[in-house]
Every structure is written in C-alpha cells, then in structure tokens.
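My questions will all concern the structure given below.
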Amino acid sequence: MNPKTPFYPGLIVVQILLFPMAVLYNMITGIRNRLYDRGFKPSVGFELPVINVGNLTVGGTGKTPMIEYLIRLLNPTRRVATLSRGYGRETKGFRFASPTETAATLGDEPLQFFQKYGDRITVAVGEERALAIPLILNEHSDTDVILLDDAFQHRQVRPSLNILLSDYHRPFFEDLLLPAGRLRESRNGAARADLVIVTKCPSEISDDTMMEMEQQVRRYVQKPVFFTRIRYGSPQPFDGVKPDALHDKIILITGIGNPRPFEQYLEQQYTVVRHFDLDDHHHYTEADIQHFRLALREHPDACFVMTEKDKVKLADPALAPAMQNLPMFYLPIEVEFIKNGQDFDEIVLNSLKRV
C-alpha cells in the first residue's frame, strides 16, 4: 500500500458491503470494453493527432494542469484545439468558447483554458467527441492537434496518444471499482494507455518510492511511467483587488476533486482559519458569497484564497455585485516533471509525426 494512503477500518467495512455492486459494475464496463476491443462497437480515428488525457478514477487527478502543460508544449509551433465534455455546465451539445461564455454555459475547465490562452488556441465542448471533432475541423481547418480532456472511457474516438493520469495519493492500482471505490472501470483498463503519469507527488518523493510505484503500474501496463508534482505560483488578486489585501491568515475555498494537496501547501505558507471544502465543479451562488462574508466578519484580518478553477466561476459577471469589496485571490499552478520530463516531451512530439 502507498505509505501516504490513510487506513480507515470503517471504510473497509463499507467497501465490503458495496463489493457486490462493484462486481456488477465490473461486468457492465467489462462487456462494454470487450465490445470495443473486438470491433463490435465502432471506434473512429482521425487524420490529425488526437491526444487524450484521462484517468481510471472519478475525482481530480490533475487533468487540467496536464492539458495546460501540453498547450504550452505544442502551441508555439502548432495550432491546438481542446475538446472537453464541459462537465457541470447547464447547456447541452457542441459549442465553441467565446468572450460571452461563462462557466455555466461552457464548464469551468474549458473556460479556464479560454481565459488563459484566448485566441491562441481553439476551445470547444461537446458530449459526443466523435461528432465534435469534425465540427472543430470544419470551423478551424488550420487545427494541427486536438487535446481531449477526460476521454479515457470515451472509446468512440481512437486517440493517437493515450495518456493515463493517476493521483499519487489515490493510485489506481490500490483502488476498487465504483461504488466500493473510485474506479470507473477495472484496473486492467490501464493497458490502453501509451504512457502513465503519477501526479501530485510530494516534492520529497524518493527514488525507491517511484521505483516501487512504477513496478505496481507495470502489473497492468508495460509503457513508460512518469512522475510529476505541482508547482504553485504566487497568489493573484481578482480584478479590482489590491495586492496588499493578501494577509497571513486566509480563508480557503475549494471546489475540486481532491483539495488536500492544495490545502497542505497553503498550510505551510499561511494560517488557514477556515476552509470551505465544496464539491468538485461546485456551482457558486450569491448564498455562497454571503457565507464567505460571514466568515470574513469572524476573521476580519483574513483574505480568501482559492484554486484557479474556482476563480473562473466566482469571477462570473453575474456574481460581481455580490463579490464587491471581498479580498479574493487565486493560486495558479503548473505541472512539473520530477525527472525525465524531456523524455515525455519527445514522446508527445514524436506521436505527432506518426499520424
């Protein structure tokens, strides 16, 4: 077992009780995968490179910062398009990002891509990726590569490079199938990956730990394994907030899959007096902001710090009146390879030449 994985006896009891449902879930997903493997369900490929970044589990494994890493790697020489499902949005169907879109219409992560990179890339959302890709190419014929966000189980599209992410704190090889665990499909699904990245590693991870985890991964897939950590930037103020409003005491706001690494980092830098730990892709309302104001009254010498994904939603113009005069900051993050990052870059760039 990963030494960083906590052990809860009560959780084991719950997993045992849910195990029969997990067996049924495994049968359903297994049949579906075999139908794709044997060609009974169609899977389409495209003439341009399609790179998928996905995982086997529900919850955050760092897909968004990994997509951004690939954008920075590829964008200087290639026209990049990102395609996401747009999880959490209130709209349906295919749509392109534009200045009028919000997290409610586009989804928080696609909107983050658009706000960060603007017209340098094409950002689109659509539940049916096999139908969405031709729509992207029809409107943007100069597209050189498409990055699929969270499409490891969406097998209607056959990617030219399949990247599997696994959270260091919740490695797929120690997890169980839903609902007993967090796996969307069997661990054996890792065999479809062209490479595996263990994400959110601690800075002090040892070579022995990486070697042990790599051996565990290779029980399921004989492909390159990489290790990354999060590099945190400096807190950035919301528009209209003065930089000197940043204080040593902070009220933390997170609406992400696994906030613990983010929280741990901030606890090393600041005094966290309150943590609003909300569900992944939380839809912020004026009622939430009123709760934030009450917390600020209790801690008037504090400020708010959140993830960039939460900033995208809280910066919605519709919430601007309620957000007036709140000292809000967000923390940008980037992926950093612990070693062999150049090897990863070469694998990605070489994959573009094979299509």
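The values are calculated or read from the model by the stated rules, or taken from the named source; none is laboratory data. The model shown is predicted, which means the values in this text are computed figures rather than measured ones. Positions of Cβ are backbone-derived with ideal geometry, glycine not excepted, and every protein chain shown enters the neighbour counts. Quick note on the areas: whole protein, heavy atoms, side chains included, nothing else; ligands and nucleic acids left out. Shrake-Rupley method; radii C 1.70, N 1.55, O 1.52, S 1.80 Å.
For the chain, what is the charge dipole size about the Cα centre, in debye to the nearest 20, if Lys and Arg each add +1 at the Cβ and Asp and Glu each add -1 at the Cβ?
Values: 41 positive and 45 negative charges, 225 e Å.
Using only the charged Cβ atoms, the result is roughly 1080 debye.
Still on this structure, I have one more. In deg cm²/dmol, rounded to 500, what helix-only [θ] at 222 nm does the chain give when every DSSP H run of at least 4 residues adds -39500 (n - 2.57) and the total is split over its residues?
-10500 deg cm²/dmol
Can you tell me which of Thr105, Thr209, Thr199 moves the most in a GNM of the chain? Springs connect C-alpha atoms under 10 Å apart.
Thr209
Near Lys242, which lysines are there with a Cα under 26 Å away, not counting those fewer than 8 places off in the same chain?
Here the lysines satisfying the reach criterion relative to Lys242 are Lys116, Lys309, Lys311, Lys313.
Would you mind listing how long the chain runs along its three principal axes, going by Cα atoms, in whole Å with the largest first?
61, 54, 39
Let me ask another. Could you tell me which GluC sites (Glu not before Pro) in segment 191-290 are loop residues by DSSP with no more than 15 other beta carbons within 10 angstrom of their beta carbon?
For GluC sites (Glu not before Pro) across segment 191-290 that sit outside H, G, I, E and B with at most 15 neighbouring Cβ atoms in 10 Å, the list reads Glu204.
Of all DSSP beta bridges in the chain, what percent run antiparallel (nearest 5)?
If I count the DSSP bridges inside the chain, around 20 percent turn out antiparallel.
Relative contact order (percent) for segment 21-127, with alpha-carbon contacts under 8 angstrom and 6 or more residues of separation? Write out the running numbers ahead of the final one.
Values: 104 pairs, mean separation 25.3, N = 107.
It rounds to 24 percent for segment 21-127.
Here is a further query. Given the options Pro171, Pro259, Pro317, which has the most mean-square fluctuation in a GNM of the chain, springs set between C-alpha atoms less than 10 angstrom apart?
Evaluated over the chain, the most mobile residue of the options is Pro317.
Another question, then. Below 23 Å, Cα to Cα, which lysines can Lys353 reach? Residues fewer than 8 away in the same chain don't count.
Lys223
Show me, for segment 257-263, the HN-Hα J-couplings you get by feeding each phi into the Karplus relation (A = 6.51, B = -1.76, C = 1.60, θ = phi - 60°), rounded to Hz, glycine and proline as x.
Values per residue, Gly and Pro as x: x, 9, x, 4, x, 4, 5 Hz.
What FRET efficiency comes out for the pair Gln264/Arg38, r = Cβ-Cβ distance, R0 = 51 Å, nearest 0.05?
That gives a FRET efficiency of 0.70.
Could you work out what % of the accessible surface of the chain is carbon and sulfur, using a 1.4 angstrom probe and leaving DNA, RNA and ligands out of the count?
Looking at the chain in its full context, I get 52 percent from C and S.
Hey, for a label at Lys116 modelled as a point 7 Å past Cα toward Cβ, could you say which residues of segment 320-355 have their backbone N under 16 Å away?
330-337
Oh, and also: Scan segment 53-138 for trypsin sites (Lys or Arg not before Pro) in coil per DSSP, keeping those whose Cβ has at most 10 other Cβ atoms within 10 Å, and list them by number.
Those satisfying the criteria are Lys92.
Taking 7 Å along the Cα-to-C-beta vector as the label spot, tell me the Glu128-Asp345 distance in nanometres, rounded to one decimal.
Those two pseudo-labels are separated by 4.0 nm.
Further, regarding this structure: For Asp279 and Leu24, FRET efficiency with R0 = 25 Å and r from the beta-carbon atoms, rounded to 0.05?
The pair Leu24/Asp279 has a calculated efficiency of 0.45.
What is the magnitude of the charge dipole of segment 68-129 about its Cα centre, with +1 placed on the Cβ of each Lys and Arg, -1 on the Cβ of each Asp and Glu, and no other charges, expressed in debye to the nearest 20?
260 debye
Tell me, how many Å apart are the Cα centres for segment 140-157 and for segment 55-85?
10 Å
If you don't mind, there's one more thing I want to ask. Using alpha carbon centroids, what distance separates segment 99-123 and segment 171-207, in Å?
28 Å
Same structure, new question: What list of ³J(HN,Hα) couplings, whole Hz, do you get for segment 28-38 from phi and the Karplus terms 6.51, -1.76, 1.60, once you set θ to phi - 60° and write x for glycine and proline?
Karplus-based 3J(HN,Hα) across segment 28-38 equals 5, 5, x, 4, 4, 5, 5, 5, 6, 4, 9 Hz.
When a/c is below 1.5 the answer is rounded, else prolate if a/b is larger than b/c, else oblate, so apply that to segment 269-339 with a ≥ b ≥ c taken from the square roots of the Cα gyration tensor eigenvalues.
The shape class here is oblate.
Now for a different question. Toward the positive end of the charge dipole of the chain, about the Cα centre and with charges on Cβ (Lys, Arg +1; Asp, Glu -1), which of Pro42, Gln112, Thr29 goes farthest?
Pro42
GluC sites (Glu not before Pro), restricted to segment 89-150: which are DSSP loop and have at most 14 other Cβ atoms within 10 Å?
Working: sites: Glu90, Glu101, Glu127, Glu128, Glu139; in loops: Glu90, Glu101, Glu127, Glu128.
Hits after loop and neighbour filter: Glu90, Glu127, Glu128.
Let me ask something else. Tell me the label-point distance for the pair Glu90, Leu294, using the 7 Å Cα-to-Cβ offset, in nm and rounded to one decimal.
2.3 nm
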